[in-house]
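FYI, it's all coordinate maths here, none of it is from the lab. Computed from a prediction, not measured in an experiment: that's the story for all the values here. All Cβ positions, even for glycine, are placed from backbone atoms using ideal geometry, and neighbour counts span all protein chains on display.
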């Protein structure tokens, strides 16, 4: 019942649901109090609406956006409360008093100040928005002033609206006590604070506080590009939720041969990008990107098939490669769009065969096997469980854009998988890490996710009532407390490293001060490694865990687990690198043989039906390696899917990059030679004999 109410109210927790209920009931109560009239009732109800609104905004509740869409946004709610206060004062027979007219005039002036404030805040943001955002790019050639203090622009609208509090409180007290001085002082404070806020914004609208013009910024970026001379570009476009798709390639770009550059297309992705020493340029405008000087780039790598890829694919002087963000048997892994690239790089032989079977127009000679450099952190299985009881990772993928039942196990099998794991004869611990996109299209998937989370939470609480686990918890209490203290220390150190040089810095200021500090970056990586090791020690080996944030990472969950249950996705292919037992759910109910025929990655897996009754075989393989009948199959499949262990994936990746860069350079040289030949011939021809069909006036495509 509660979960249904949470879903319908578009809130994320019980506390948000309570705040939403308080907000929904508060305004009718304020109206009722104004009509009765009852001053005390009004004060209590109004205070409740203030508190509920503030809580929902601080929690970033989705309900706030929904209210805005139905014309019940924050400014409207504040205006309604002020109008009801006017009604209350009138109902208290104060409409013929001076305080009533002061209140009316004060709220009208305050509304005018809000209009000015909103316009100024918007204008400041616009005038401080650069055509590009950068990281690790030297923009010292142009002057980028400091951003306004964060206190002025962060949640600016909310702050301005809340300045009505002195007026509302003063008027309520004045009506209660009969001393109208409180009302005059409250209205004066509200207007005075509003004027100060507007004046502060006007001060930061001066010319000296603006960023340089777009042309100057783009010229500075081009000058930097000509000096840096990038040779390999990782290009990415997508939503905020897809940032993981580019983050997984950062360490590879750090180790790549040549001079790497990362080009992003959305500002939201730039804010989600993990720390990296590689130069980053975020170019939202297609025209700006197409005019950017990328003439030294020879290889462009694409991690996703999106429409904005065309803005770089049009450049003929570089070779274009689809590297993707995972290697799986999903249809997305053999997208016909891949024909647009010069080459498609896959992890192993399986990727090549996948394209051949799909027959989508990608030629075999354009496919290069390069391994998966990102899999280096995955630890190989030793054959023994890591803790006194096995840990099973459940990592379902999301529901996809269509209603194919084979997209995810979550909808049809998710709860069955969790229930059978919790009821296993030999106890196991469950780590549940859903795909970041879970529930963004299908509310049913979000609901199932909520129920699984509740099941695991209840199971952990129930275990602590059993003597075995209660004793283990008591014995590990001191160690867990120490680990939590250590985790807090590490998080504080990371926050200090991640903190900007001063508070309130905006995108323009961050671009100015974002030059890499390798020492800080090394410290951050070390601390992240310490954080991961410490995180798993903050709870007991018997406690089930739900991991939904970016940390710990998926590969960290691999290393902590002894087996995995998942769906057809790149998660399965990556997990195979560990050599550990795994199971995959046939949610579309194709049958074991057909499921294995269509999906290479499951040929060494325990195949689950939607009832998940086959889980016992997986758990037996984990508990007793001698009973693991699929161990040899996993070893063979690993090589087929991911390529050989030697040379390393990074060495294969670099070799492919160098070879393709040579091809790009050979193409450019050939084009220049072919263009030069007609020019030379025309120069040798007498002027009177020259025709009008020469190409000497054409710009070289290499120079262009």
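Quick rundown of the values:
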quantity	calculated
Label-point gap, in nm, between residue 123 and residue 401 - each point 7 angstrom along Cα→Cβ	4.2 nm
Using a Förster distance of 22 Å, the FRET efficiency for residue 255-residue 227 (Cβ separation, nearest 0.05)	0.45
Prolate/oblate/rounded call for the range 307-409, Cα gyration tensor, a/c under 1.5 rounded	prolate
For the range 362-386 and the range 132-161, distance of Cα centres in Å	41 Å
For the range 222-261, alpha-carbon Rg relative to the globular expectation (2.2 N^0.38 Å, N residues)	1.34
Relative contact order, percent, the range 503-588 [alpha-carbon distance under 8 Å, six or more residues apart]	20 percent
Mean-position separation - Cα centroids, the range 409-438 and the range 613-675, in angstrom	29 Å
For the chain, share of DSSP beta bridges that run antiparallel, in % to the nearest 5	10 percent
Value of Rg to Rh for the range 501-607 (Rh from inverse mean 1/r over Cα pairs, i.e. Kirkwood)	1.16
Volume per residue of the C-alpha convex hull in the range 95-186, rounded to whole Å³	110 Å³
Alpha carbon convex hull of the range 229-375, volume per residue in cubic angstrom	107 Å³
Value at 222 nm in deg cm²/dmol, rounded to 500, when DSSP H runs of n ≥ 4 in the chain each add -39,500 (n - 2.57)	-16500 deg cm²/dmol
Per-pair calculated FRET efficiency, R0 = 30 Å: residue 548 and residue 481 via Cβ, rounded to 0.05	0.80
Relative contact order, percent, the chain [alpha-carbon distance under 8 Å, six or more residues apart]	14 percent
Cα gyration tensor shape of the range 469-548, rounded if a/c is under 1.5, else prolate or oblate by comparing a/b with b/c	prolate
Label-to-label distance, nm, for residues given as residue 86 and residue 474 (7 Å Cα→Cβ offset)	6.7 nm
Gyration tensor (alpha-carbon) shape descriptor, the range 154-278, a/c threshold 1.5	prolate
Approximate spin-label separation residue 57-residue 526, in nm, with each point projected 7 Å along Cα-to-Cβ	4.2 nm
Chain lengthening between residue 98 and residue 115 when straightened (0.36 nm per residue, less Cα-Cα)	3.5 nm
Rg/Rh (Cα only; Kirkwood hydrodynamic radius) as it applies to the range 522-667	1.05
Calculated diffusion of the range 370-429, Stokes-Einstein form, Kirkwood radius summed over Cα pairs, 10 °C and 1.306 mPa s, µm²/s	109 µm²/s
Calculated FRET efficiency for the pair residue 206/residue 515, C-beta based, R₀ 25 Å, to 0.05	0.40
Cα-based radius of gyration of the chain once divided by 2.2 N^0.38 Å, which approximates compact folds	1.17
Potential lengthening between residue 68 and residue 213 on full extension [0.36 nm per residue; Cα-Cα distance subtracted]	48.8 nm
Full-stretch length increase - residue 363, residue 340 - with 0.36 nm per residue and alpha-carbon distance subtracted	7.1 nm
